[in-house]
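The values are calculated or read from the model by the stated rules, or taken from the named source; none is laboratory data. Bear in mind that the values here come from a model prediction, so they are computed numbers and not experimental data. Neighbour counts are summed over all protein chains in view; Cβ atoms, including those assigned to glycine, are modelled from backbone coordinates with ideal geometry. Note: areas computed on protein heavy atoms with side chains; ligands, DNA, RNA excluded. Shrake-Rupley method; radii C 1.70, N 1.55, O 1.52, S 1.80 Å.
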Amino acid sequence: MNATLIAVALSLVSAGAYAAAAVAQARLAGRTDPSAGALSLLGRGAWWSAVGLNAGGALLHVAALKYGPLTLVQPLGALTLVAAVPLGARSAGRRVSRTEWRGTLFTLVGLAALLLAAGGAAPHDTLSLPQALGVGGVTMALVAALSRPGARPGLRHAAASGITSGVASALTQTLTVAATDHSGPLLSPRLIVVAVLVSFFALGGLMLSQTAYRGGLGAPLAVVTLANPVAAAAIGLVLLGERIQGGLLGLVPALIGAGAAVRGVILLSRAQTRSASGAVPAPAGPGRPSRVVITGPSVTGPRATEPLTPRPQPVGTSGGGPG
């Protein structure tokens, strides 16, 4: 089988695992007290289920990076959001909305255009030790800046999660290619440092996403989905010598695809945010009092705050005079 097809197939299954993990994390975040620390998650079975799904998705992603370049594998990560739409809807007991289907279509069309521009041979270049350390330092600085207190903490934590996950993918590609091409010892200082950075950024991305999902699944997952391939593709194009097919002409379908994918992600984000915030209260059933409150004045009797008191009638009025 063609190496590109193997990379695409592995990426599709990986996206499904990541989507299931994202839905599980979002449900867990909705049931967790925001003041609870990260260590409180260690005793929750749902947390370990999400960790297992993320680990499975990561292993499949590592295998995909062996057969395809970052510029091919990372855009397929957007399918995580597409898969999360029906999974999240089913978990919430609702149907997928028309806006969500439109977002799915835009995302798939955009990914198809990106794949035409990004398809290439299996990767061979790897990051040197100074490059890996430089990437790690820049990533830590970005995460620190995004994690500072301020407005929209969920989206900023989501951006930090996407960046760290994308960097972990780029470092994983270096680790995988260097470990399988038998060009050097497996316990070289470079591979040890890269392995430590991969573990650190993978765990950091998982914890940051868990924090981001406290405000809902849609918008944070959309930001993670966009930031992840951007960070990984930047490393691939700048440091690993990856190229877009067709040169400058290849930028045209790539830009069109990127625009369509961004549009699809925005539609999915809006639809999922609306479905999370626009829940309709359940109707009152037998034995359950209605929550409807009528605020108009009463026409059937006096108000409770105005007790009835007999008032004297003037002489000569109806019912008040002698017969």
Any chance the stretch 156-168 includes a residue that's more than 30 Å from the chain's Cα centre (by Cα) and without any contact (Cβ under 8 Å) to a residue 60 or more places away in the chain? no
Pick out the one residue from ALA276, ALA231 that is surrounded by 14 or more Cβ atoms within 10 Å (Cβ to Cβ), within 16 Å of the chain's Cα centre (by Cα), at pLDDT below 75 and not in a loop (DSSP other than H, G, I, E, B). ALA276
Go through (1) buried (at least 18 other Cβ atoms within 10 Å of the Cβ); (2) not in a helix (DSSP H, G or I) for PRO185 and report which single condition fails. (1)
Residue that is surrounded by the fewest Cβ atoms within 10 Å (Cβ to Cβ), among those in the stretch 25-43 that are over 15 Å from VAL224 (Cβ atoms) and modelled with pLDDT of 75 or more: ARG27
Which residue pairs have Cβ atoms under 7 Å apart, sit 6 or more places apart or on different chains, and have a first residue in the stretch 197-208 that is in contact (Cβ under 8 Å) with a residue 24 or more places away in the chain and of a type in the set (Val, Ile, Thr) and a second that is part of a helix (DSSP H, G or I) and surrounded by 20 or more Cβ atoms within 10 Å (Cβ to Cβ)? VAL198/ALA168; VAL198/LEU171; VAL198/THR172; VAL198/LEU175
Options SER161, SER183, SER199: the member that is closer than 22 Å to ALA63 by Cα, of a type outside the set (A, V, I, L, M) and modelled with pLDDT under 85: SER183
All positions within the stretch 68-95 that are under 16 Å from the mean Cα position of the chain (by Cα), over 15 Å from THR107 (Cα atoms) and open to solvent by less than 10 Å² (accessible area, probe 1.4 Å): ALA89
Does LEU146 satisfy the condition of being under 30 Å from SER91 (Cβ atoms), modelled with pLDDT of 85 or more and open to solvent by 40 Å² or more (accessible area, probe 1.4 Å)? yes
Could you please let me know if THR99 is of a type in the set (Val, Ile, Thr), in contact with a Lys or Arg (Cβ under 8 Å, 6 or more places away or on another chain) and more than 22 Å from LEU206 (Cβ to Cβ)? yes
Do we have any residue at all in the stretch 12-19 that's polar (S, T, N, Q) and touching a Phe, Trp or Tyr at 6+ places or on another chain (Cβ under 7 Å)? no
